[in-house]
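The values are calculated or read from the model by the stated rules, or taken from the named source; none is laboratory data. No experiment lies behind these values; they were computed from the predicted model shown. With ideal geometry, Cβ positions are generated from the backbone for all residues, glycine too; neighbour counts draw on all protein chains shown.
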Amino acid sequence: MSAGLLWQVSSTAGDLERAMVDALGGRHLVTAGGAWVEAETVLQNKVVALYFAAARCAPSRDFTPLLRDFYVELVEQALPPAPLAVVLVSADRSAREMEDFMSQLPGGWLALPFYDPYRHELRTRYHITATPKLVILKPSGEVITDKGRKQIRERGRACFQSWVEVADVFQNFSG
């Protein structure tokens, strides 16, 4: 990915302060390394991809490498990084399964803790009936699309451009 990629947020200050309140406000997330972080702090000003998946699920194992590459290219290899956060909402059967799954994911990914019952509320809220499912949210917590998986498969990195535009996040490619 070329250097010179510029990401800016064009939301109002009030919107930024309320970022993710509806979806994950007041929650703690866990990093791949096991650290606890406040959702509102780490997700502020970002397009958020809620990734409903399970290690035991063959379609999840099939799609995860594609999502990992998408994330790495846009966030870890870009300067500056794209305003994208991936939050795993595990459908695993045990905390150990979830930890093993997370150990295979990029270090920048986050997860709702396994023992947080809010995982089940999110599955209901976003009508998750099967995994994997990728729900894309604006910084405000509003749904951009519940077809993130399909869009990444069909359009690759180009789908992020449309998510950013809908999310009121501005991007400028200089090269």
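For region 110-144, a residue qualifies if it is in a strand (DSSP E or B) and buried (at least 17 other Cβ atoms within 10 Å of the Cβ), and the qualifying residues are Leu110, Ala111, Lys133, Leu134, Val135, Ile136, Leu137, Ile144. Return a yes/no flag: does region 5-19 have any residue that is over 14 Å from Lys138 (Cβ atoms) and modelled with pLDDT of 85 or more. The answer is no; no qualifying residue exists. When region 135-146 is filtered for residues that are modelled with pLDDT of 95 or more and either under 23 Å from Ser94 (Cβ atoms) or out of contact with any strand residue (DSSP E or B) (no Cβ under 8 Å at 6 or more places or on another chain) (or both), nothing remains. For region 83-92, the set of residues classified as outside any strand (DSSP E or B) and either within 12 Å of the chain's Cα centre (by Cα) or loosely packed, with under 14 Cβ neighbours inside 10 Å (or both) consists of Pro83 only. Pairing residues of region 93-107 that are surrounded by fewer than 15 Cβ atoms within 10 Å (Cβ to Cβ) and modelled with pLDDT of 95 or more with residues that are in a loop (DSSP other than H, G, I, E, B) and among the hydrophobic types (A, V, I, L, M, F, W, C), at Cβ distances under 7 Å and at least 6 apart in sequence or on separate chains, gives no pairs at all. Checking region 40-48 against the condition returns a match, with at least one residue being of a type in the set (Asp, Glu) and modelled with pLDDT under 95.
Taken over region 31-48, the criterion of being crowded, with 21+ Cβ neighbours inside 10 Å and either over 18 Å from Gln151 (Cα atoms) or out of contact with any Phe, Trp or Tyr (no Cβ under 8 Å at 6 or more places or on another chain) (or both) is satisfied by Ala39, Leu43, Lys46, Val48. Across region 55-82, the qualifying residues are those that are assigned to a helix (DSSP H, G or I) and polar (S, T, N, Q), and the one among them that is surrounded by the fewest Cβ atoms within 10 Å (Cβ to Cβ) is Thr64. Residues of region 145-159 that are in contact (Cβ under 8 Å) with a residue 40 or more places away in the chain, surrounded by fewer than 17 Cβ atoms within 10 Å (Cβ to Cβ) and not in a loop (DSSP other than H, G, I, E, B): Arg153 alone.
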